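The values are calculated or read from the model by the stated rules, or taken from the named source; none is laboratory data. Quick caveat, the model's predicted, so the values are computed rather than measured. Ideal geometry is used to build each Cβ from the backbone, glycine not excepted, and the neighbour counts take in all protein chains shown.
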Amino acid sequence: MLKIIIPTIMLFPVIWYSNSTLIWINMTSYSLMINLMTLPLLNQAGNNSNNFSLTFFSDSLSSPLLMLTVWLLPLMIMASQHHLMKESLTRKKLYLSMLISLQMFLIMTFSATELILFYILFEATLIPTLIIITRWGNQTERLNAGLYFLFYTLIGSLPLLVALIYVQISLGSLNYLVMNIWFQDMSSSWSSNLLWLACIMAFMVKMPLYGLHLWLPKAHVEAPIAGSMVLAAVLLKLGGYGMLRLTIILNPTTKIMAYPFIMLCLWGMIMTSSICLRQTDLKSLIAYSSVSHMALVIVAILMQTPWSFMGATALMIAHGLTSSMLFCLANSNYERIHSRTMLLARGLQAFLPLMATWWLLASLTNLALPPFINLIGELFVIMASFSWSNVTITMTGLNMLITALYSLYMLTMTQRGKFTYHIHNIKPSYTRENTLMSMHMLPLIMLTLNPKIIMGLTY
Amino acid sequence: MKLPILTIVMTTIFTGTMLTMISSHWLLIWIGLEINMLSIIPILTKNQKPRSTEAATKYFLTQATASMLLMFTIVFNAMHSGQWTTTNIDPNNMIVSLTMIIALTMKLGMTPFHFWVPEVTQGVSLMTGMLLLTWQKLAPISIMMQMFTSINSIILLLIALMSVLVGGWGGLNQTQLRKILAYSSIAHMGWMMAILTFCPSLTMLNLLIYLMLTIIMFTMLNMNTNTTTLTLSNLWNKSPTITMMILISLLSLGGLPPLTGFLPKWVIIQELTKNNNIAMATVMAIMALLNLYFYMRLIYSTSLTLFPTPNNIKMKWQFQPKKRSLFLSPLIILSTLTLPLSPVFSTLN
């Protein structure tokens, strides 16, 4: 694992010693090379894990997420080039340093064995994200967004720290590989209910669960494009990853405690999808769509069946790529008209036909069109929840319908119809933007051919 | 103040604390505390303003009361147990244990005797405030560490919890930086004392890291003589590097991983959980978020937003910085980046 982490750390000197002509080229090319080095990790044995050392390991759950993280860094860098054009060189370098440090923490988080190390790095990802949102966001609301983001996550995760330490003292070790063998059933007392809550709430806030999702629209909307991309694609998945790791010690309390959360998720799915139909702000629509997709993931993880775990992992990867792509598309709009309002730039298909293709593909994957992996994820989750309780099909089916509705609403609003008069002088698409979209779309399409690498632990 | 006088007074302060730290006879400890208190009064009144005199008076009154209470406890203990060493205080003696705790927490500025800390820190200059919040804590904490086995842990935990609460809530409405750092000191004292009866080496660890962070904060604030949040927001104009350092130091002071300030909180929570004080650990950890909120407010006004101000001094690079920055760089690195070195701190005993 050090062969990935050390090159990522060494990207810092690469940034700080590059001059202004070489900085973007250096960063993008070296992070793409780190990508290549991470590809062999996808060769995972089904039920075993590659243990690199006592501190780092990778198994079929963490390697697709790791792959997603390293894949995203060059994409973030490409996407940020435009809005950083006017800044001074030091500011550019600082921004890229924040991205690199975030990347470093995320790689270590997804490969940590010891759960306290996972916790420290989980919290550590907050600092660069906070700085990116608050310093480089564009509106005044970014200050509030940063505070909400930081404090929602921290209040959820401090009980997690206490719970992890308690588990370490009572179980003996928090090394994940050891915990797989040493786990015991939790007693059915009030205090173990509280322990379950303490362990889970941190990840619920991060996912986010419907009642605790208030930070997400603020943070996603106010962040600059790289911040939105990394938030939507990877940081939300940290919550899912944490929950999937901790379920092993939380039996059988999960069967009792999960009911309110499953209900909140099912209801919240429909609520946030419906809100998407009434949004005027494009980024806000995509943010609420993230909440809706993640609610499905929470339902899947709380149900703890093999199919639901497969669906959860596949949905996390698929949603990461799709959501990130949608934010890039929204950003390409924003860079041209400097507004996030959907009404202001309509009928773009007449001006930017290739971009309209990417919009179409992104909307289609968002609404879980077969044969993309989004569908595989959602289908597995819906089937698992149907077998858990037949009634849930009403909610999940309704959600699929509303998801289709708002995805097509977004597509037709921005691309189809009569164009607005004032957009006749927008710049045509850059090659950089087309590359960005294709690099999002290609993994999605290729994974359709072999989805077993993203199916996770229980394939 | 003239240099010879300053030297004598500083030496006396140093001697007082040293005397307290090395003795095991209660009378000498008390004498050390008194020497320390009396010699810091001229330092507090160094700039001849009425506000400084007021601060010095408040400091003197509270510390003298605490010393008197301590003397009472010492004599009472000597009367009842017949000896004057620190290590043999009878924990079953109600009066002794209670008044001892009251006296020492009054010296340290913990709730419910914390009211003097913001006022006194506000009334004096930045560097004197630093002396007050760092050096003056050493003597009482060394006493408490010598006698930790005989302290009534319930009372101390209660005081610690209240200190963390008051330190968090009290700092929320402040814009004066010295008062913010005073409330931060109250909260950190709470964390330190919470773990004293269980594992005093963790108190030492927390004290060390807190001292480093407070020295850094005061030194950086002193560079531009910033005393309010408003003046701090002009710092980006004078020295952007210092704004970044303030960001990192304040995040470390607030206890965010992966900075070193997280380490004391982590090990204190671990030790409290081992001793079945899980509720206390959770409540203290959540209250520390209040502290983080007002540090975040400071960070927002310094590093993450740009206060609109014209840059009048275009030639500022020609002027040498006049303020001394004592070991700022190594201290910053030590207090923000050494979390991976945490096993080293197990040698503190």
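The residues of the range B:181-208 that are part of a helix (DSSP H, G or I), surrounded by fewer than 24 Cβ atoms within 10 Å (Cβ to Cβ) and aliphatic (A, V, I, L, M), listed by number, are B:LEU202, B:MET204, B:LEU205, B:LEU207, B:LEU208. Considering the range B:322-343 alone, what residues qualify as being more than 14 Å from chain A (Cβ to nearest Cβ) and small (Gly, Ala, Ser)? Correct list: B:SER325, B:SER329, B:SER335. Got a number for residues in the range B:249-278 being more than 9 Å from chain A (Cβ to nearest Cβ), in a helix (DSSP H, G or I) and not polar (S, T, N, Q)? Number satisfying all stated conditions: 7. Can you spot a residue in the range A:42-55 that is assigned to a helix (DSSP H, G or I) and within 15 Å of A:VAL230 (Cβ to Cβ)? No, because not a single residue in the range A:42-55 is assigned to a helix (DSSP H, G or I) and within 15 Å of A:VAL230 (Cβ to Cβ). Each residue in the range A:143-159 was checked for being touching a Leu at 6+ places or on another chain (Cβ under 9 Å), hydrophobic (A, V, I, L, M, F, W, C) and more than 10 Å from chain B (Cβ to nearest Cβ), and 1 pass. Number of residues in the range A:267-279 that are crowded, with 23+ Cβ neighbours inside 10 Å and within 30 Å of A:SER189 (Cβ to Cβ) equals 1.
Each residue in the range A:335-363 was checked for being without any contact (Cβ under 8 Å) to a residue 40 or more places away in the chain and either farther than 18 Å from A:THR435 by Cβ or touching a Ser or Thr at 6+ places or on another chain (Cβ under 8 Å) (or both), and 2 of them qualify. Look at the range A:195-209: where a residue is under 21 Å from A:SER292 (Cβ atoms) and of a type outside the set (A, V, I, L, M, F, W, C), no partner that is surrounded by fewer than 24 Cβ atoms within 10 Å (Cβ to Cβ) and at pLDDT 95 or above sits 6+ places away or on another chain with Cβ atoms under 6 Å. Taking the range A:129-142 as the range and being assigned to a helix (DSSP H, G or I) and within 11 Å of another protein chain (Cβ to nearest Cβ) as the test, the residues that pass are A:LEU130, A:ILE131, A:ILE132, A:ILE133, A:THR134, A:ARG135, A:TRP136, A:ARG142.
For the criterion of being over 19 Å from the mean Cα position of the chain (by Cα) and buried (at least 22 other Cβ atoms within 10 Å of the Cβ), B:MET100 passes.
A:LEU177 passes every criterion in (1) in contact with a helix residue (DSSP H, G or I) (Cβ under 7 Å, 6 or more places away or on another chain); (2) modelled with pLDDT under 95; (3) in a helix (DSSP H, G or I); (4) more than 10 Å from every other protein chain (Cβ to nearest Cβ) apart from (1). For B:SER233, state whether it is farther than 23 Å from B:TRP266 by Cβ, surrounded by fewer than 24 Cβ atoms within 10 Å (Cβ to Cβ), polar (S, T, N, Q) and under 16 Å from the mean Cα position of the chain (by Cα). No: the conditions fail for B:SER233. Among the residues of the range A:109-121, the ones that are at the interface with chain B (Cβ under 8 Å from one of its Cβ atoms) and within 18 Å of the chain's Cα centre (by Cα) come to 2 in all. Taking (1) farther than 16 Å from A:THR403 by Cα; (2) assigned to a helix (DSSP H, G or I) in turn, A:SER274 satisfies each apart from (1). What number of residues within the range A:163-174 satisfy the criterion of being at the interface with chain B (Cβ under 9 Å from one of its Cβ atoms) and surrounded by fewer than 23 Cβ atoms within 10 Å (Cβ to Cβ)? Of the residues in the range A:163-174, 3 are at the interface with chain B (Cβ under 9 Å from one of its Cβ atoms) and surrounded by fewer than 23 Cβ atoms within 10 Å (Cβ to Cβ).
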